[in-house]
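These notes are about the structure you will find just below.
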Amino acid sequence: MHKTILMTGGSGLLSTNWALSIRDEYKVTLLLHQKKISLLGVNTEIVSLSSLEECLSVLEKHQPDIVIHTAGLANVEECESNPNLAQTVNVDLAKNIATACSNQGVKLVHISTDHLFLGDQEFSTEESVINPVNNYAKSKFLGEKQVLENCKDALIIRTNFYGWGTKYRQSFSDLILDKLKNNQQVDLFSDVFFTPILIDELSKRTHQLIDANTMGVFNIVSSERVSKYEFGIKLANCFNLDVGLINTVSINDKPNLVKRPKDMSLSNTKLCQMLNCEIATLDEQLQILKEQEDKSITNQVVLDIIPYGKHYIDEDDIQAVVNVLKYGMLTQGPKVAEFESRIADYVGVKYAVAVSNGTAALHLACMALELGNGDEVITTPNTFVATSNSILYVGAKPVFVDIDPKTLNIDVERIEDTIKISKNIKAIFPVHFAGLPCDMKQIKKLADKYNLAVVEDAAHALGATYNNGNKVGNCEYADMTCFSFHPVKGIAAGEGGMITTNDFDIYRKLTLLRSHGITKGNFEFPGVSRPDNSLVNKDAALEAGELKRWYYEMQSLGFNYRITDIQSALAISQMGKIDLFLDARRSMVKVYDKAFKDIPNITPLQAHGRDNSSHHIYVVSIDFDKIGMTRHQFM
């Protein structure tokens, strides 16, 4: 009969990999805090372990033979900025788990860290003097003390591990491999040393210690002391990646980091003597890592709920946001202008105005065109409600023109007929549905013929191109183009929108309207050589020919549609990966096209426009009558 193991920190890198390596020999249950996941052959359960009573209740319910306590707050910066949270997670929780295990007679394995020492010597042993240099190390050491005091036969493992992670929880090796595979530079410390071990080797040796009925502190690490840089080189060589992309840097050149020990290497002599074994070399471990890639935890952990708004976020994105939170202005700061410039350069347009979301972008576009009561705007019914709602916000009326069933975009052939029917059409709002650009050349011809404005709704289409190869958003066919940066879009800012234009007067209106209609009259717009000299009440504004401090004018009824520097920083970082995102979407489209090719009654749409589309979503047509189901039943 298989022994039962409970693992805390169940959605984490260590526990998921560990469970994967032992699921055939043990009955494993991952205890989850909030994130619900599924892993074949492993039980999962969301529990609260915030009190001793709750810990006892969980143990009484499951009657485990072993508890492996992996849960902890491992972010050094977060532990430093929030010591109370570090105390709660790394100390108090460890005490409760240890007390509960002792009470129930359950074997406890407590996972600790290699951060505990000053970092001035090589290969620290289990008996080396503890000297924490930050709150993370201090809290982990105090956690060890609580475990030893409250569960006398507990096994404490000091280690530094790596393995295949998930997109939401990556290991050090993942971060290096991701960048190298995408031909990105990697900066690694040449003066920080450690003894990293593959999770499979870590779990193997831990279970050998359990079987030997050991207790107390053991270092389970590799036998090789390497710098972070040397580890990266070994990793790159194993995976046949370009080592020239790896740069050597010093931790001394990172002044904003919380202090860390420079040498975290641990000795595994006690372990090897106890088990009469030799730990696999780093090269051997990395070869195993390589062999695991296709069947790694990355491909086996499944979130029970597929989130609608999930997007790829990496450490660069997180650091970009953290830097603003630590050192920058949270709103109305330089990151907004930088984001605007980044988008303008990317699409090839003169001006870009960042706003709070895509709906705000469409609304301000209507206001900049001075649309109002009695005006009508041609658009498509096949779009999100924001397109037509923005027209209604200003008192105008949306007039729907049906779509081409193959492109799913507005049917250009029908636009002119609609224009002729009404005398009040003032603009056309084409929507690039699913990322496939409309026939903007023909729409522009009609707009010029009838003196109509054009606003492209490109919420789906960042990165899409027209037939001439130019990017959507360069406004060669439109007065304005509107983008969205919701998490499901091409890049994510949480929320956010952008309006692009080549018209300075429109640009100035947009910048006024997004911020209450207020101008201070004394700044130059980014990329614009002439200052804003449009102050109305110059007598009140000027003194001795100079603008008074804190003087501003509200010149129109605007809105607070400002985007924050936090969102902008995230979006800027995401823009650095836009081509990778687009390539990934193209690859997925090819997989879908192949999968649906020979399935009767299911027809992929927009197939003719694959080269131009940004592939926001993949659309198929299903003949529900022939498959004998309603749409509701099928979904």
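The values are calculated or read from the model by the stated rules, or taken from the named source; none is laboratory data. Here the structure is a predicted model, which means the values were calculated and not measured. Ideal geometry is used to build each Cβ from the backbone, glycine not excepted, and the neighbour counts take in all protein chains shown.
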Task: Residue satisfying condition, being surrounded by fewer than 22 Cβ atoms within 10 Å (Cβ to Cβ) and not in a helix (DSSP H, G or I), within set Glu149, Glu126 - done: Glu126
- [ ] Identify the single condition in (1) over 30 Å from Asp579 (Cβ atoms); (2) part of a loop (DSSP other than H, G, I, E, B); (3) among the aromatic types (Phe, Trp, Tyr) that Trp164 does not satisfy, given that it satisfies every other one.
- [x] (1)
Open item on the list: Looking at segment 375-394, can you tell me whether even one residue there is surrounded by fewer than 24 Cβ atoms within 10 Å (Cβ to Cβ), without any contact (Cβ under 8 Å) to a residue 12 or more places away in the chain and more than 30 Å from Arg585 (Cβ to Cβ)?
Closed with: yes
- [ ] Hey, can you tell me all the residues within segment 45-104 that are in contact (Cβ under 8 Å) with a residue 12 or more places away in the chain, in a loop (DSSP other than H, G, I, E, B) and within 22 Å of Leu116 (Cβ to Cβ)?
- [x] Thr70, Ala71, Gly72, Leu73, Ala74, Asn75
TODO: Name the residue, out of Lys228, Lys259, that is closer than 23 Å to Thr113 by Cβ and surrounded by fewer than 19 Cβ atoms within 10 Å (Cβ to Cβ).
DONE: Lys259
Task: Residue under evaluation Gly463, criteria (1) at pLDDT below 95; (2) within 21 Å of Tyr618 (Cβ to Cβ); (3) small (Gly, Ala, Ser), criterion not met - done: (1)
- [ ] With respect to Thr248, determine if the residue is β-branched (Val, Ile, Thr) and over 32 Å from the mean Cα position of the chain (by Cα).
- [x] no
Task: Residue check for Leu56: on the phi < 0 side of the Ramachandran plot and either surrounded by fewer than 17 Cβ atoms within 10 Å (Cβ to Cβ) or over 25 Å from the mean Cα position of the chain (by Cα) (or both) - done: yes
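One line per residue, one yes/no per condition, for (1) at pLDDT 95 or above; (2) surrounded by fewer than 21 Cβ atoms within 10 Å (Cβ to Cβ); (3) under 29 Å from the mean Cα position of the chain (by Cα):
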{"position": "Tyr136", "(1), (2), (3)": "yes, no, yes"}
{"position": "Lys140", "(1), (2), (3)": "yes, no, yes"}
{"position": "Ile156", "(1), (2), (3)": "yes, no, no"}
{"position": "Asn160", "(1), (2), (3)": "yes, yes, yes"}
{"position": "Leu175", "(1), (2), (3)": "no, yes, yes"}
{"position": "Lys181", "(1), (2), (3)": "no, yes, yes"}
{"position": "Thr206", "(1), (2), (3)": "yes, no, no"}
{"position": "Phe218", "(1), (2), (3)": "yes, no, no"}
TODO: Would you be able to tell me the number of residues in segment 441-479 that are of a type in the set (A, V, I, L, M, F, W, C) and not in a loop (DSSP other than H, G, I, E, B)?
DONE: 6
Task: Counted residues, segment 573-605 - those being out of contact with any Asp or Glu (no Cβ under 6 Å at 6 or more places or on another chain) and within 28 Å of Asp345 (Cα to Cα) - done: 16
Open item on the list: Just to be sure I understand the filter: pairs with C-beta atoms under 6 Å, separated by 6 or more residues or on different chains, first member in segment 21-44 and more than 15 Å from Pro64 (Cβ to Cβ), second member of a type in the set (Lys, Arg) and in a loop (DSSP other than H, G, I, E, B). Which pairs pass?
Closed with: Gly41/Arg23
Open item on the list: Go through (1) modelled with pLDDT under 90; (2) exposed (fewer than 12 other Cβ atoms within 10 Å of the Cβ) for Ile313 and report which single condition fails.
Closed with: (2)
Task: Output for segment 355-368, where each listed residue is touching a Lys or Arg at 6+ places or on another chain (Cβ under 7 Å) and not in a helix (DSSP H, G or I) - done: Val355, Ser356
Open item on the list: Quick check on my filter: what residues within segment 455-480 are buried (at least 19 other Cβ atoms within 10 Å of the Cβ) and more than 19 Å from Leu408 (Cα to Cα)?
Closed with: Lys471, Gly473, Asn474, Cys475, Tyr477, Ala478, Asp479, Met480
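Rundown of residues vs (1) part of a loop (DSSP other than H, G, I, E, B); (2) of a type outside the set (S, T, N, Q); (3) surrounded by fewer than 14 Cβ atoms within 10 Å (Cβ to Cβ); (4) not assigned by TED's automatic domain parsing to the domain that holds Gly490, yes/no style:
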position: Leu570; (1), (2), (3), (4): no, yes, no, no
position: Ala584; (1), (2), (3), (4): no, yes, yes, yes
position: Ser587; (1), (2), (3), (4): no, no, yes, yes
position: Lys590; (1), (2), (3), (4): no, yes, yes, yes
position: Ala595; (1), (2), (3), (4): no, yes, yes, yes
position: Pro600; (1), (2), (3), (4): yes, yes, yes, yes
position: His608; (1), (2), (3), (4): no, yes, yes, yes
position: Asn612; (1), (2), (3), (4): yes, no, no, yes
Open item on the list: Give me the residue from segment 400-442 that is among the hydrophobic types (A, V, I, L, M, F, W, C), without any contact (Cβ under 8 Å) to a residue 40 or more places away in the chain and touching a helix residue (DSSP H, G or I) at 6+ places or on another chain (Cβ under 6 Å) and, out of that set, surrounded by the most Cβ atoms within 10 Å (Cβ to Cβ).
Closed with: Ile415
Open item on the list: Taking the criterion of being among the basic types (Lys, Arg) and more than 21 Å from Thr166 (Cβ to Cβ), would at least one residue in segment 30-44 satisfy it?
Closed with: no
Open item on the list: Being of a type outside the set (Ser, Thr, Tyr), closer than 30 Å to His608 by Cα and surrounded by 23 or more Cβ atoms within 10 Å (Cβ to Cβ): is that true of Leu362 here?
Closed with: yes
Task: Pair list, Cβ < 7 Å and 6+ apart or interchain, from segment 243-266 residues that are touching a residue at least 24 places away in the same chain (Cβ under 8 Å) to residues that are among the charged types (D, E, K, R) and part of a helix (DSSP H, G or I) - done: Val258/Glu77; Val258/Glu80
TODO: Taking Lys27 as meeting all but one of (1) over 30 Å from the mean Cα position of the chain (by Cα); (2) part of a helix (DSSP H, G or I), write down the number of the exception.
DONE: (2)
- [ ] All but one of (1) at negative phi; (2) at pLDDT 70 or above hold for Phe523, so report the exception by its number.
- [x] (2)
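One line per residue, one yes/no per condition, for (1) modelled with pLDDT under 90; (2) not assigned by TED's automatic domain parsing to the domain that holds Ser21:
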position: Val243; (1), (2): no, yes
position: Asn247; (1), (2): no, yes
position: Ser250; (1), (2): no, yes
position: Lys270; (1), (2): no, no
position: Asp283; (1), (2): no, no
position: Gln287; (1), (2): no, no
position: Glu291; (1), (2): no, no
position: Thr298; (1), (2): yes, no
